[in-house]
Structures are given as structure tokens and as C-alpha cells.
Amino acid sequence: MKKISWIIWLLVTVAILGFFGYELLFKEQKPNFLPGAVTHGHFQIEMACDTCHIDPFGGEEVLQDACINCHGEELEKSLDSHPRKKFTDPRNADLLEILDARYCASCHLEHQDAMISDMGVSLPSDYCYHCHEEIGDERESHKDLPYDSCQSAGCHNYHDNRALYEDFLAKHLHEPNILPAMKTHDDFYESNLEKLAKVTGFDAQPLSLSDADNSDESKELMDGWLHSSHAESGVNCSQCHGSGEDYVEIPSHENCQSCHGFEVETFLKGKHGMRLAAGLSAMSPDDSKLAMHKSGSLEEHKELSCNSCHMAHEFETEFAAVDACVSCHNDEHSNNFENSKHFSLKDESGANKVTCATCHMPKVEVNDKGIKGFKVNHNQNDTLRPNEKMIRPVCLDCHGLQFSLNALADERLVESNFVGMPDKHIESLDWVEKRNSTKRDSVY
Amino acid sequence: MKKPSPMKKLATVATLGLAASLVGCGSETSEPAGIDPQVYTDSLFAVMKADRTNYTKLIIKRLGPAGADVIKPNEHWEDLDSGAPLPAQMFRFGSELVSDMTSEFTYSLQSIWPVNKQNAPKTPLEKEGLQYIVDNPGKNFYGTESLGGVDYYTAVYPDVAVAGPCVDCHNNHKDTPKSDFKLGDVMGGVVIRVPLTKS
């Protein structure tokens, strides 16, 4: 009897250890080891524990390295106002005891989803006070402002203040709501085809049906390709599909990457591609926490790859810039785009002058193999939060700064996709003007 | 005498090893290898002052708006075509790079009349030192303090208006609490800190 209970105990123990041990050591996804719900920024990759926990034996330094691995470049580009290096001097020791600003996780705690704000911050919103207490006494304009209003009033951000610092505001005083001309940028590939062909040794001659090097496909498919910018610029079937042993039926983002490196790189950094970047399966609207058109039981399960928005063979950018977005996104802002002023702006051919992509995937300046131009930033999260990040690369192409700040601060207006005029007025430009009028003369 | 058992021997060796490693840890920051801390910080300051003076005179004065006017010394220099870091920023960037390379010393530029309020003295010793160098022109200030559980040797050196641009830019800056600096005045101080022992 005793022997049997020992055997049962042993079996149960081995089974339990086996179950958890197998998951811990061999499985990509480890749901039973997740200590608490992950924030909206990371939930997509919550099962790829080692993206953040890069070393099981590391402390906060190792975690910090993981943050910087993914977010470091972005912080540097944003001219981060509070980089770690500003806090390492021992003179800050007593301040660091209140808030250790050397570590991302001091403000962005993970696995505590319930206490996380929109901006992924796990602190009460009056944290600026700890170091900038004196500002209320220093500046007339800042007297009696609530301690938690620094970043909530459209004036300051903790990291990215490129569109908010005083000299920048001063440069943009008294701009009209709508600028006389809209700033646009030419398509990189179209306008640089010859230069690109020269640098890469690629023959950019237009191709006809008879040139296709994999021509036994359906007519519809071949037609799509024939009328695409790919065929027009000499990109043959095998360039994407490979040939012989290397042939792939459905090319992945890795195939696209060989020519469209910047686009794929930025796609992998945003919420559309971050699962692929972590080596997981592609993101799907069914897995999203946002309001989405979920795939119905009959519909095909949608997944996010390059082809989800850029239909294979046609690679049309017009579809990708609006229709593709609203085929998944089902929130008020997306659904109301059709009713917005932005939507009503059309060019001579009737195409949208402003699309979802104009604002959410703005063209940014790049230097590709020595060729300068503008490419589409496929990381739509890059300018999303806090929304003042969108001002410089997007809003100011068409609008004045005051109008842009007012509009972005008006939550209702953002939700309605900018139908109507802003209800808010951000006062920072008025204050700057007032302070400038008392400035003494100097060569500096 | 009774021979110690093998277990005891092992325990003794382990204890000694542990003690040795602890001593090793402690000596990492203690005893600045024979050199008097004052000589050490004085020498560091000489290099800092030379670089700082040269940057202001040879770059900012010569190429800035008071000279050839081809560069724009500006706090937001990264955001301007031909923007150049201010002398104080150049100094801070040096200090930040140094802290990436060593923790044997740290330094910063401060003032009791700061343009940037984060450059106001924070620790009691900084406050005392910065006041001292203003009240005693030409003299340095030395002391020790304990911050975050570590003892430091702290030296404060006067930062003097060595060229026209120092005075002009500060006196006319929107955020300056003092607008009557003259050439040769002590405008602030360089604080150099060397960790002594971990307490």
C-alpha cells in the first residue's frame, strides 16, 4: 500500500515537472510562466519572454539593455530630453532615491497592466515635480499650474520635445491654420529608378508578358504584375519568388527586404510587424486589443505581412493607404475618415491627397546607398504616442503649429477624425510670445 | 595541538577566500594609488579649463555671431543647420562621455545664478563650495561629502568669464537670474568628485 502511494507520488511529481519543465525549456510560448498581464505596448510579444528577459541571471541592467535594444534608436532620434546619462552623476543620488530615472522600468513597469496609463507609464502623473519643483516660482506663466499638467496640457513630453521646445514654438508663431501649399514628397523608387539601377547594377527596363520568367501562372495574376510598378521597372517573377530550388510560392517580408530594406525594417518595429520581429507568427486582427473587424468563421484568417496591405502582384499603394487599413480597423477614428475634410481633398485624377498613410506612415528623409530621398516609414507607431510626435513629420506639412497643437489636444476631435474645428487652445505659444517681447538684445 | 579536520580546513580556506575577495572589492575605489586627491583634481581641472577656454575663444568667438557668423551656438544645435553646442553643453557632453568610460571621477558645471536650473548646486557641499569661490575670487574649494552611501572628495573650481561671448550670452539670456556679469567675473564653478571608500 505504502509502495503504491510512493509510486503515485513519484509519477505525479514527474508529470508536473515534465509539463512545466518542457514549456520552460523547449516551448516558444510559456503562458504558465507569465507573472501578470503585459501592457498594451508589449502584449503581442508577451510569450516571447526572452525578448526582454535576455538573460535569466541578470538584474535591472540586463532588463535595461533589452529596453534599449528595441527603443534605443528611437529615443536617440527623438533627441530624448531625459537620457540616462543625465542622471548618472552622484549629485543626483537623493533624487534617484525618489525616482531612479536611470532605468526605463522605474516609470514603465511591466506585468502590471492595471496601473498603466496610455503612455505606458506606471507612475502617478505628477512625477515632473520631483525635479522641477521650482518652475512655478520661476515663471510667471507657470504659477499655479497643477503638478500633473506638464505633459497632459499639450506642452511638454518626458522624452520627445522636438515640436514643443521654446525656440521651436517661437519660430512658428502666428502661422495660419492651413498653410498656402501642401508639402509633398516624390516616391523614392519612381524618382530614383535610374540612379538605383546604376548603383545596384540592376537592369531597370520595362518588362512585357513574354519577358516573365515564370509565365505559367493564371492570366489574372500575370496581368496584375504586368501593370504594376514592378514590371514597369524591370522586376521579374524570380526577383521575389526566387527560382529553381530557392523558389517560394508566397514570398515573405524577408524576400521584400532585399530591395525594400527601410520599409521592412520600419514595419518590423511597429505593432504590425513586432511579432514577426520577435520570431513569432504574424499578428492578426483577431488577436488585437483594438476595435477590429474580426475574421468571421467563414472568412479567411487575416494575418499581417507585406501582402496584407500591398496585394501581391499589383502592389498598389492606393489600396494600401486607406482601404487596407479600414478593412481591419473598426474604431470611430478610422470609420469616420470618409466624413473628414482630409478625405474630401482629391487630386486631378480623383485620388485622395490625404490618406491614412499620409499621417500614420509619413514619408521620411533617407539616404539609401548614397541616394537621398523620402521613403515611407512603415512603423505607424513611431508618431502615434504621445501624438505631438506627429506634428513635425506630418501636421506641419499642411498646418500651422498652433492649429496642430490645438487639434491634437482635443481628444474628441481626434476621435471624430478631425471633423470640425478644435475646441482647445494651447497657450504655450502665447506665453512664448510674451516672454520674447521682454528679451534683451544680443548677438546670441 | 589537534590537527584541524579536513572539513574545518576547507571552511577556513573558504572564509579566507571570501575575506580576500571582500577586501579586493573594497580597495577598488579606496586609496587613490598614492596620488594626493587635490593634485589629481587640480590636474583634471587644468585640462578641462584649457579645453573649455579654447572652445569658447577658438570656435564660438571666432566662428559664431560675434565673429565670422558661420555657426550658430544654440542650446538646440542638433535641430539647426550649422548649429554648434554651447560651451556649457560641450562641457557636459565631455563629462557624459567620461562617465561612460570610467567611474573614477565625475564632474559638472554649476552656478548659483544658473541659466538652466538643473545646474544649480544641489548637495550642501556644492552650495557651500560655489558660494565660497564667488566670495573668494582666485581660490578653490575642497571638501568631502557622502552621497548615496559613498564618500567623495569634492573640489570646486571657479569658472571665469574668459571671453566676451560668456558675458554677452549670459547677461542677455531669457532665463538668467543675473544680467550684470563682467569679463573676469566668477560666473559659476566646476565641481569634480572622486569616490573614496564605499561606506
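The values are calculated or read from the model by the stated rules, or taken from the named source; none is laboratory data. Worth saying up front: this structure is predicted, and the values here are computed from it rather than measured. Heads up, the Cβs are rebuilt from the backbone with ideal geometry, glycines too, and the neighbour counts pull from every protein chain shown. To get the accessible areas, we keep the full protein, side chains included, count just its heavy atoms, and leave off ligands, DNA and RNA. Shrake-Rupley method; radii C 1.70, N 1.55, O 1.52, S 1.80 Å.
Taking residue A:429 as the residue in question, decide whether it is buried (at least 16 other Cβ atoms within 10 Å of the Cβ), away from chain B (no Cβ under 14 Å), among the hydrophobic types (A, V, I, L, M, F, W, C) and free of Cβ contacts under 8 Å to residues at least 12 places away in the same chain. In short, no. Under 6 Å between Cβ atoms, which residue pairs at least 6 apart in sequence (or on different chains) link something in region A:364-391 that is touching a residue at least 60 places away in the same chain (Cβ under 8 Å) with a partner that is of a type in the set (Lys, Arg)? Between residues of region A:364-391 that are touching a residue at least 60 places away in the same chain (Cβ under 8 Å) and residues that are of a type in the set (Lys, Arg), the close pairs are A:366/A:375; A:371/A:195; A:374/A:363; A:376/A:363; A:379/A:269; A:381/A:271.
Pick out the one residue from B:88, B:155, B:66 that is among the aliphatic types (A, V, I, L, M) and modelled with pLDDT under 95. So that I can check it myself, show each step before the final result.
On the way: B:88 fails: modelled with pLDDT under 95; B:155 fails: modelled with pLDDT under 95.
None of the others qualify; the one that does is B:66.
Looking only at residues of region A:78-93 that are in contact with a Ser or Thr (Cβ under 8 Å, 6 or more places away or on another chain) and open to solvent by 30 Å² or more (accessible area, probe 1.4 Å), we find that the one that is nearest to residue B:153 (Cα to Cα) is A:88. Only residues that are open to solvent by less than 50 Å² (accessible area, probe 1.4 Å) and at pLDDT 90 or above: list them for region A:137-153, please. A:141, A:142, A:149, A:150, listed by residue number. Against the condition outside any helix (DSSP H, G or I), within 14 Å of chain B (Cβ to nearest Cβ), at pLDDT 95 or above and open to solvent by 40 Å² or more (accessible area, probe 1.4 Å), how does residue A:440 come out, does it pass? No, not satisfied.
If you go through region A:168-193 and pick out every residue that is open to solvent by 60 Å² or more (accessible area, probe 1.4 Å) and within 14 Å of chain B (Cβ to nearest Cβ), you end up with 1.
Taken over region B:80-98, residues that are within 11 Å of chain A (Cβ to nearest Cβ) and in contact with a Ser or Thr (Cβ under 9 Å, 6 or more places away or on another chain) amount to 4.
Sub-7 Å Cβ pairs linking a first residue in region B:64-79 that is facing chain A (nearest Cβ under 8 Å) to a second residue that is of a type in the set (A, V, I, L, M, F, W, C) and open to solvent by 70 Å² or more (accessible area, probe 1.4 Å), at least 6 apart or interchain, are B:65/A:443; B:66/A:443, ordered by first then second residue. For region B:122-140, filtered to residues that are under 19 Å from residue B:160 (Cβ atoms) and in contact (Cβ under 8 Å) with a residue 24 or more places away in the chain, the residue that is nearest to the other protein chains (Cβ to nearest Cβ) is B:126.
Do we find that residue A:326 is part of a strand (DSSP E or B) and open to solvent by less than 60 Å² (accessible area, probe 1.4 Å) in this structure? Steps first, answer last, please.
On the way: part of a strand (DSSP E or B): no; open to solvent by less than 60 Å² (accessible area, probe 1.4 Å): yes.
Answer is no for this residue.
For region A:360-388, the set of residues classified as open to solvent by 30 Å² or more (accessible area, probe 1.4 Å) and either on the phi > 0 side of the Ramachandran plot or assigned to a helix (DSSP H, G or I) (or both) consists of A:360, A:369, A:370, A:387, listed by residue number.
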